[in-house]
Amino acid sequence: MRMKDTDMASALARLRLRQCTDADARLLNTNVLRLPPSVTNVDLKTKRDLVVLAATNQTVRSLNERKTASQASVQSQDLVISHAIDDTSAVLDLSSRNALLNYNGRGDTKVGMGRLPLFVGMPIIYRGPNQSIPLGVTNGAFGRVVNWKMSTDRLGFTIPKVAIIRFDENATWQLSGLEPGCLTIYPCASSFSFSLAHGENSVHRISRQQLPLQPGFAMTVHSAQGITCHGGVVVDLCRGGFPAYVSAFRATRRQDIHLIGETMTEHDHNDWKIIIPSDGDNQLDGEHLRKRPRLS
């Protein structure tokens, strides 16, 4: 188990088995971000490696876009956009190019990001093929942007050639021409079908090349499985179940689990379980509706 604190490790073990107690809820509520005005809020200004775990890709993209822009401004860093290289048999005008750049894939497809923001020092998550298992440079590895090289396409968009990523701050290994712990990352290819215009032949096959990176400020709970977030996590445990366990289990220390809001063993939200009376009565009045959501 990656959790080092024994009391939190025990609570997470019960969370996994859906056997949480009120004491576990109180323990998890130690670090809550959204509290009443009378309570001192948790300060996250020094938590530079904190990762927010969200339920959907859309939420993750929105959080990453906002945090990347604000963090670059706070650190007085230039923000550069790596626009995906999209090729197809059709001639792409500015409108079609922008439409493609707005596409980031669906839940069942994996394509490179249309627009990837970058600044020096930005935390990233590597989303490409394994580079070196012994060095820990695998799909899902965390790193920081050191540098990049871009070019410009015919429509004026900056497109990627290569990025330099530091995967290990304390590395003893070093590649020729690079700082310790750094690797060069090149664009990866993906493909998808996309409707560029109205008409019979509007659907085209698109070949995309983009750096296999995503901003490391937020990620989905699903993609976080198997990953350790040493800098801490921000999670929502109010829905309970397996996603709650996966979210909380990413951290290694009790103080690194930060809750969006307070949790408890029984919740009043939209997860309903309808219980049919044993006498066969089909009338589902208020007395026959029971809410069964739990933290665990």
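Only the coordinates and a few stated rules stand behind these numbers; no lab work does. If you're wondering where the values come from, they're calculated on a predicted model, not measured in any experiment. Heads up, the Cβs are rebuilt from the backbone with ideal geometry, glycines too, and the neighbour counts pull from every protein chain shown.
Between rounded, prolate and oblate, where does the stretch 150-256 land on the alpha carbon gyration tensor, with a ≥ b ≥ c its root eigenvalues, rounded for a/c under 1.5, else prolate if a/b exceeds b/c? The partial results should precede the final answer.
Working: a/c = 3.30, a/b = 1.28, b/c = 2.58.
It comes out oblate by the Cα gyration axes.
Under the rule a/c < 1.5 gives rounded, and otherwise a/b versus b/c splits prolate from oblate, where does the stretch 175-228 land using the Cα gyration tensor? List each step's numbers first, then the result.
Details: a/c = 4.19, a/b = 1.77, b/c = 2.37.
The shape class here is oblate.
Quick one: of the DSSP bridges fully inside the stretch 145-218, what percent are antiparallel, nearest 5? Let's see the in-between values first.
Working: 19 of 19 bridges.
Close to 100 percent.
In the stretch 114-170, what trypsin sites (Lys or Arg not before Pro) fall in a loop by DSSP, with at most 11 other Cβ atoms inside 10 Å? Intermediate results must be reported in sequence, preceding the final value.
Numbers: sites: 115, 127, 144, 149, 154, 161, 166; in loops: 127, 154.
Here the sparse-neighbourhood loop sites are 154.
Assuming a ≥ b ≥ c are the square roots of the Cα gyration tensor eigenvalues, decide whether the stretch 219-264 counts as rounded (a/c under 1.5), prolate (otherwise, with a/b larger than b/c) or oblate. Please list the in-between numbers first.
On the way: a/c = 1.91, a/b = 1.16, b/c = 1.65.
The shape class here is oblate.
Can you give the extra length, in nm with one decimal, that the chain gains between residue 169 and residue 186 once fully stretched, where that is 0.36 nm per residue apart less the Cα-Cα distance?
Extra length from residue 169 to residue 186 when fully extended: 4.0 nm.
Expressed as a rounded percentage, what relative contact order does the stretch 20-150 have, with Cα pairs under 8 Å and six or more residues apart? Show your work: numbers first, answer last.
Values: 107 pairs, mean separation 22.3, N = 131.
Computed value for the stretch 20-150: 17 percent relative contact order.
So which trypsin sites (Lys or Arg not before Pro) in the stretch 204-256 end up in coil per DSSP with only 15 or fewer other C-beta atoms within 10 Å? Each step should come with its number before you reach the end.
Details: sites: 205, 208, 239, 250, 253, 254; in loops: 239, 250, 253.
Passing sites in the stretch 204-256 are 253.
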